[in-house]
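Engineer: Below you will find the structure I want to go over with you.
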Amino acid sequence: MPQERLFTGDGVTSIRDLAIRGVRPRVEAFTEGQLQGNSPDDLAQDVADYVMGETVELYTEEHRMSTSIVPVSELDAPVPAAPDGAQRRIEVVQASLYIPYTGTTRIFRTQPSRALSTPTPEATLTDRQVILSVIAVPGDDGTDAQERLLRLERNLEQWVSVVNGDVEALKADLKIAARDLIAQRVAVRRQRDDMESALTIPLLQLEAGRALQIPLQRKRITPQKTPATAAGEPPEWTITDLVYEEMIRTIRGFTHALGRRPASAAPLLAGEETMRDWIMFMLSANYETPDGRDLFIGGETENGDGKTDILVRYRDKNAFIGECKIWSGESRFGDAIDQLLSYTVWRDAKAALILFITRLNATAVIEKAAEVLAAHPACARSLPSEDPLERRNYRFISPNDDSRAISLTLLPVVVPLPGAVARG
């Protein structure tokens, strides 16, 4: 096996400037979803590991030794002289020590910042092991070869320790530089969000005499307008958090009433379209724009890649998208998630998935639905919920543009119908 002299490449000091320059491209490559879904420290660590690699850890407690007969012609190292009078050897016994390691292989080729008094290690490197070898002299036994290999191993540990320290010191500087750039990117996005919140359309609740009465604690609510993109697309409308929460509460108030009257709810659950129309009617009866026009809440409306159940549209711009589904198993529910995400075109930011559960084991169904959502490739993270049986909150990344995060709320509606069975 060919060996190489380790720790003789560029040193940390000589590559410092190049490493620092590598921070910015890595930070710029983070998507908005990655910036939102990870802590700055985790992202900075990723940058440092990407630029410098991971330090080496030797697993000497798992090393193993082997011997083999090797032709002298295949050896790079000089062969120990034979005793006087002996013929020149054509084969020798080679003893090798295999040491597993983790980390980036190029760390073995990095020159330390200070000279060590011990010999520079020579070894064969693979992506999983470092292999130390010695040639047995005539008369050597296994103990002699083993002791020589262990001395080489201890020497290797010293060199690895010094170089690891150099690499970690540089990575600490890289993380500081990365955190600064990450903070800048996050600040710009916060500024964008603040600017968006200032561009509002007042969405008024109807007068008490005209509204369909549901026992809710109502608030004054407003939607917001997103800015135009750099490419020049026109701005689109989206629902503010206050509007979003108010609409969710309206839907919950109606579905709670269904849960208290399962016999009356049964005809409505004959199909998803019927329930969609009732929820659409509830929203339409309670909200309007200031001039009483333009706000449209409709079912099976063309949008994105398909048709959505509930769509709030202002001046032909999407603001809220909802989907009504009756639980019929994990596979169909996964299809419903994909369908909803296909509706949410790239500037949409709010969505709701209203899940009707007509089976007896509702808690198990809710947990299964939550697992399917959390495991979806577009799910960035699950968010806290005060009552997981009433509501689950998620942040999704749009499959059409990973710079757009989508607030998605799962609303389980439990309406056990006569003859319901307890199955998932």
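Bear in mind that the values in this text are calculations on the coordinates, not laboratory data. Values in this document were obtained by computation on a predicted structure and should not be read as measured data. Using ideal geometry, Cβ is built from the backbone for each residue, glycine included, and neighbour counts are taken over all protein chains shown.
Engineer: Suppose each label sits 7 Å from its Cα in the direction of the beta carbon; what would the Asn155-Asp49 distance come out to in nanometres?
Structural biologist: Reported label-point gap for Asn155 and Asp49 is 3.3 nm.
Engineer: Quick one: net charge around Glu390, please, counting Lys, Arg +1 and Asp, Glu -1 for every other residue with C-beta under 13 Å from its C-beta.
Structural biologist: Numbers: positive: Arg249, Arg252, Arg391, Arg392; negative: Glu386, Asp387.
Local net charge: +2.
Engineer: Within 14 Å, Cβ to Cβ, of Val23, how many net charges do the neighbouring residues add up to if Lys/Arg are +1 and Asp/Glu are -1?
Structural biologist: Details: positive: Arg16, Arg21, Arg24, Arg26, Lys171, Lys175, Arg179, Arg185; negative: Asp17, Glu28, Asp46, Asp49, Asp173, Asp180.
Charge balance near Val23 sits at +2.
Engineer: Full extension from Asn400 to Arg64: what is 0.36 nm times the residue separation minus their Cα-Cα distance, to one decimal in nm?
Structural biologist: Working: separation 336, 0.36 × 336 = 120.96 nm, distance 5.14 nm.
Here the answer is 115.8 nm.
Engineer: Please work out how much length the chain gains when fully extended from Arg24 to Ala187, using 0.36 nm per residue of separation minus the C-alpha to C-alpha distance, in nm with one decimal. Mind dumping the intermediate values first?
Structural biologist: Numbers: separation 163, 0.36 × 163 = 58.68 nm, distance 1.60 nm.
Extra length available between Arg24 and Ala187 comes to 57.1 nm.
Engineer: What's the exposure ranking of Met247, Met282, Met195, Met275, going from fewest to most Cβ atoms within 10 Å?
Structural biologist: Working: Met247 27, Met282 19, Met195 13, Met275 24.
Going from least to most buried by this count: Met195, Met282, Met275, Met247.
Engineer: Going highest first, how would you order 102-114, 8-20, 389-401 by mean Cβ packing within 10 Å? Don't skip to the answer; put the middle values down first.
Structural biologist: Numbers: 102-114: 16.6, 8-20: 13.9, 389-401: 18.2.
The peptides rank, most packed first, as 389-401, 102-114, 8-20.
Engineer: Please give the FRET efficiency for Leu242 paired with Arg16, using the beta carbon to beta carbon distance and R0 = 45 Å, rounded to the nearest 0.05. Walk me through the numbers on the way to the answer.
Structural biologist: Details: r = 50 Å, r/R0 = 1.10.
Plugging the Cβ-Cβ distance into 1/(1 + (r/R0)^6) gives 0.35.
Engineer: Work out the FRET efficiency for Glu371 and Glu91 from their Cβ-Cβ distance, taking R0 = 51 Å, and round it to the nearest 0.05. Please report the intermediate quantities before stating the final value.
Structural biologist: Values: r = 62 Å, r/R0 = 1.21.
Step by step, r from the Cβ atoms, then E = 0.25.
Engineer: Determine, from the Cβ-Cβ distance of Glu386 and Asn361 and an R0 of 30 Å, the FRET efficiency 1/(1 + (r/R0)^6), rounded to the nearest 0.05.
Structural biologist: Details: r = 23 Å, r/R0 = 0.76.
Calculated transfer efficiency: 0.85.
Engineer: Rounded, prolate or oblate, given the Cα gyration tensor of segment 4-190, with a/c below 1.5 counting as rounded?
Structural biologist: Taking the square roots of the gyration eigenvalues as a ≥ b ≥ c, segment 4-190 is prolate.
Engineer: Sticking with this one: For Glu57 and Phe281 in one chain, what is 0.36 nm times their gap in residues minus the Cα-Cα distance, to one decimal in nm? Present the calculation step by step, with values, prior to reporting the outcome.
Structural biologist: Working: separation 224, 0.36 × 224 = 80.64 nm, distance 6.39 nm.
Contour length minus the Cα-Cα distance gives 74.3 nm.
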